[in-house]
Amino acid sequence: MDAMANDVDEILSQLTLEEKAALVTGDGFWHTRAIDRLGIPAITLSDGPHGVRRQPPDQENGIGGSYPSTCFPPAVGLASTWDAELVERVGEALGDESNALDVQVLLGPGINIKRSPLCGRNFEYFSEDPLIAGELGAALIRGIQSKGVGTSLKHYAANSQETDRFRVSAEMDERTAREIYLAGFERAVKDASPATVMAAYNKVNGVYATENPWLLNEVLREEWGFDGVVVSDWGAVNDRDAAVAAGLDLEMPESQAGPAAIVAAVRAGSLDETVLDTAVHNVLKLVFGHAHLVADPSREPAVPDDMIATHHALAREAASRAAVLLKNHDGILPLSPEQSIAVIGEFARNPRYQGAGSSQIEPTRLDDALTGIRGIAGPDVTFAPGYTLDGSGDAPELVREAVSVAAAAQVAVVFLGLPATAESEGYDRDDIELPASQLALLAEVVRANPNVVVVLSNGAAVRVSDWEGGVRGILEGWLLGQAGGGAIADLLFGIANPSGRLAETIPVKLEDNSAFLDYPGRDGRLEYHDGVFVGYRWYDARRLPVSYPFGHGLSYTSFEYSGLSTSVEGEDADLAVHVSVTVTNTGPVAGREVVQLYVHAPSERVRRPVNELRGFRSVPLEPGESREVSFTLGYRDFAYFHPTLRRWYAERGTAEILVGASSRDIRERASVELPVNEPVTPLDRQSSLAEWMAHPGGRQVLGGLLQQAAAQNPDATSMLHNPELLAMMGSMPLRRIGRFPGVGLTDDIVDGLLVQANAAV
Ligand code: BGC
C-alpha cells in the first residue's frame, strides 16, 4: 500500500459518520467538501469537455459567464480526425488550461454512442462506433491526465437520448450493451484509467445508472478494474443510500438530502458503514491525488496570453483536420484566389462553432470564415448573409441580394447549417433537415450559378440527399471550435488538405436510421430494438443506400492500397492476427489517408453485423510516398458477447480482414482461419437431438447406444439413421424422442446418458 493510501485510511478512521456522509456530496456546484479539522482540502471540478468552463465564484450556477478558455472542436469534430495522437495533444492543452484555471477534474470526455442523429447532444459525442469513441476518448483522457488533471468519462451508460433524460430507461439486452453501449467505456477505462466516471441520468433496464450495482460494481469495477471515483451527473442521484450501495461514490452537486439519507440508512442498519467507507476512501484518494494542483487563492484564474496563442493554433490545426470533404465534383475545390468568389450565408461571418448546454465555452478568440477567405483571396470577395440566425429580417430581400452576388461571381461558397437552438443538451431534434429558409436560399443560388460549394455547420448529421445533386462541392464542417473559420478558409484554398472522415453515417433520410421507430422513447422507456445494429452496422446489414457512408472523406490527393498481408499466431485468448498493408499517395499534393480495418467474423450462432471496425490509423503521406501500416487483432476483435454464456465468444472458422477508405470502400481483403477452440456447451435435459449429435460426448454416447440397439432390433433405430427424419427431428429434445413408442429411452436412461456424455469431454 502506498503512503497516500495509508494516510487516507488513517483519516478515514477519524471521520464521524456525519463527516463521511458530507464528504461524499459536493460543496456548491463545483467543489468537493473540505474538512479543515482533518486537513482535507477541496478540489474543483468543471465542464468540459472541449474547453474549460470554469465559472467565477460569484457565478457558479448557470451556464454563462465562465473565464475565457480555448474552445477546441467539440467531439463531433475531433472524432472526424480519426487521429488519437492529435486528440491526445488537444487533451494536453486542456490539461494545461485546467491548471491555469485552477480546475482539478475536467468533466469529459463524453463518449455515448450516436444511435440516432436526432440526439441533441451528438455534437458532444464521438461516433456511432464504439472503437472510435473508446480510442479517441482514451486519447483525450491520456492527454488531460498527463498534466495531473483528472477527467470524468461520461455519461455511463446508454445516455443516447436527451428527451426525458432524467427518467427514461434504456431497455436493451446484455449483448447490445456489451458490444455497443459499454464497449467504448470499457476501452477508455482499461486503456486510460480516467480519474472519475460519471454515472448518467437515465436508467438502464429499469434501474437508475446511479444506483445500478451491475453497471457500477460488477462491470465497471470488478470486471474492468476501475479504481477511481464514480461521480453522479449533476442531479442524477435518485435514492442516495441505494446509490452508495451500488457503488456511486460522489454525489454532485451539493445536496442536503443526500448526506441525511446516508446517515439515516447507516443508523437504521440498511446501509453497511463499510460500504460508505469505500466511497469515502475513493473520494479522499481523488482529493489527495489532485490537491497539490490547487492554486494559491490569491491568483486570479486565467489562461496566459502565450498559451492562448499556441492553443488557438492547435485549435486551428484540429479544426482543419476535422472537416470532411464529402463531395468534390470535377475538382471544384480547392479554389484559386484568382477566381471571383461570392461568400453567402450568415454563418460565414457569424460562425456556429460549438453546441448548447453545459459544455459551452467562453472562447479566447473567435475566427470567422469570411475574414479567413478574404485574407487569402483578397477584399474583393463579395458577401451576402442570405438568412439571419434568428429567422428575422426580410427573407425575399436577403435571397435577392444573395442571388445577385452569386450570379456575378465564378464560384459561390454557401454556408449553411443548424441554428444554435436546433441542437442542445436537454432535448432532441425532431428531424434532420436544414432550415427551410436556407434550403430555399440554396435553390435560388444554384439557379444563379452552377459552381456552388456548400460548407456545413452542424453538430450531427443533416439530410443532404434532397439538395446535394445541385451543388458541386460539400465541406462538412461540423462544429469546429473557435479557430474553425480560419481552418475552413485553409481547406477551401488547399492550404490544408482535407483529411477528416465521417465517424457517423449520413443517411439518405431519417426513416432509414436504425432507431427511427423507437426514438425518442416515451413514457419512460426507450427500446433498443435495433440491438447491435447501430449506424453502419445497420445500414450495411439492410443494404440501405446512404448519402455518405461511415468512414467516407475525400482529399485533394489520391491514395492506393496494396500488399495486404496477414499472419496468425497463438490461439484462443492468445490469438494474435497481424495485418499489414501499404498505402501510397498517388496524387500531386501531401495529404493524409485514414486507413480503416474492418473484420467480418464467423457467426453461425448469432446474427452479426456484416463488417465491424477493428482498427484505424491516420497516415501522413508526401506525394509519391508509401507507408506500411500494421495492426494486431486479438480474440476479442473476432468475438461477440454470447447471450446465454454471458461472455465474449469467437467462433471457429474463416474471418475476413478488410482494409479500405470507408465502410463501403474496401480496397484489399484477405481471409484467415481462426484457431479458436469453442468451449463445449454442456448438454442438459432439454438438449435437442442435433445438439447431442454436435456434442463430442453426446455423439459418442448416442453412437454406442445406436450400435447396441441396432444389434437387438434394427427397426427401432431406423429413425435415427434416416437423414431426412433426423433433420426434421433435430430440434426435438432427446428426452422426448426417447418417450416415443418403440424408442424405449426412459427419462432415467436419458439422465444417465447425459452424465456420461458430459463426462466424456
Ligand atoms: C451534464 C454533464 C455536465 C454536468 C455539469 C449535466 O447536466 O449532463 O455533462 O458535466 O451537467 O455541468
Matching residues in segment 157-188 - criterion: being away from the ligand (no atom under 16 Å from the Cβ), in a loop (DSSP other than H, G, I, E, B) and surrounded by fewer than 24 Cβ atoms within 10 Å (Cβ to Cβ): 172, 173
Please determine whether any residue of segment 334-342 is part of a loop (DSSP other than H, G, I, E, B), away from the ligand (no atom under 16 Å from the Cβ) and crowded, with 18+ Cβ neighbours inside 10 Å. yes
Looking at (1) more than 28 Å from residue 562 (Cα to Cα); (2) touching a helix residue (DSSP H, G or I) at 6+ places or on another chain (Cβ under 9 Å); (3) of a type in the set (S, T, N, Q), which one does residue 663 not meet, given that it meets all the others? (1)
Kindly indicate whether any position in segment 258-277 is within 16 Å of the ligand (Cβ to nearest atom) and assigned by TED's automatic domain parsing to the domain that holds residue 148. no
Could you name every one of the helices (runs of 4 or more DSSP H) located completely within segment 637-755 that has at least 3 residues being open to solvent by 20 Å² or more (accessible area, probe 1.4 Å) and modelled with pLDDT of 85 or more? 689-694, 696-712
Looking only at segment 318-326, decide whether some residue is touching a Gly at 6+ places or on another chain (Cβ under 6 Å) and within 16 Å of the ligand (Cβ to nearest atom). no
Just to be sure, is residue 320 modelled with pLDDT of 95 or more and on the phi < 0 side of the Ramachandran plot? yes
Give the residues of segment 212-242 that are open to solvent by less than 40 Å² (accessible area, probe 1.4 Å), more than 12 Å from the ligand (Cβ to nearest atom) and either part of a loop (DSSP other than H, G, I, E, B) or among the small types (Gly, Ala, Ser) (or both), sorted by residue number. 212, 224, 226, 228, 237, 242
Meets criteria (open to solvent by 10 Å² or more (accessible area, probe 1.4 Å), within 13 Å of the ligand (Cβ to nearest atom) and outside the structural domain of residue 355 (by TED's automatic domain parsing)) for residue 110: no
Failed condition for residue 148, given (1) more than 14 Å from the chain's Cα centre (by Cα); (2) among the small types (Gly, Ala, Ser); (3) within 16 Å of the ligand (Cβ to nearest atom): (3)
Please determine, by comparing only the residues of segment 192-206 that are under 16 Å from the mean Cα position of the chain (by Cα) and in a loop (DSSP other than H, G, I, E, B), which one is farthest from the ligand (Cβ to nearest atom). 194
For segment 27-48, give me each residue that is open to solvent by 10 Å² or more (accessible area, probe 1.4 Å) and part of a loop (DSSP other than H, G, I, E, B). 28, 29, 30, 33, 34, 39, 41, 42
Six or more apart or on different chains, Cβ under 6 Å: which pairs go from a residue in segment 146-160 that's in contact (Cβ under 8 Å) with a residue 40 or more places away in the chain to one that's of a type in the set (D, E, K, R) and away from the ligand (no atom under 13 Å from the Cβ)? Could you list them? 146/92; 147/96; 160/115
The conditions are (1) farther than 19 Å from residue 27 by Cα; (2) of a type in the set (A, V, I, L, M); (3) more than 16 Å from the ligand (Cβ to nearest atom), and residue 209 fails exactly one of them. Which is it? (3)
Go through the residues of segment 91-100 one by one and say whether even a single one is open to solvent by less than 10 Å² (accessible area, probe 1.4 Å), at pLDDT 95 or above and either in a strand (DSSP E or B) or within 16 Å of the ligand (Cβ to nearest atom) (or both). yes
Of the listed residues (245, 265, 257), the one being open to solvent by less than 40 Å² (accessible area, probe 1.4 Å), of a type in the set (Gly, Ala, Ser) and on the phi < 0 side of the Ramachandran plot is 265
Give me the pairs, please: first residue somewhere in segment 313-331 and in contact (Cβ under 8 Å) with a residue 12 or more places away in the chain, second residue anywhere and open to solvent by 40 Å² or more (accessible area, probe 1.4 Å), beta-carbon distance under 6 Å, and either six or more positions apart or on two chains. 325/554; 328/554; 329/472
Considering each of 346, 317, 338 in turn, give the residue that is more than 30 Å from residue 398 (Cα to Cα) and among the charged types (D, E, K, R). 317
Conditions (1) surrounded by 24 or more Cβ atoms within 10 Å (Cβ to Cβ); (2) assigned to a loop (DSSP other than H, G, I, E, B); (3) basic (Lys, Arg); number of the one not met by residue 154: (2)
Failed condition for residue 116, given (1) within 16 Å of the ligand (Cβ to nearest atom); (2) of a type in the set (S, T, N, Q); (3) in a loop (DSSP other than H, G, I, E, B): (1)
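The values are calculated or read from the model by the stated rules, or taken from the named source; none is laboratory data. Everything numeric in this text was worked out from a predicted model, so none of it was measured. Counting neighbours? That spans all protein chains shown, and the Cβs are built from the backbone with ideal geometry, glycine included. Keep in mind that these areas ignore ligands, DNA and RNA; they rest on the heavy atoms of the full protein, side chains included. Shrake-Rupley method; radii C 1.70, N 1.55, O 1.52, S 1.80 Å.
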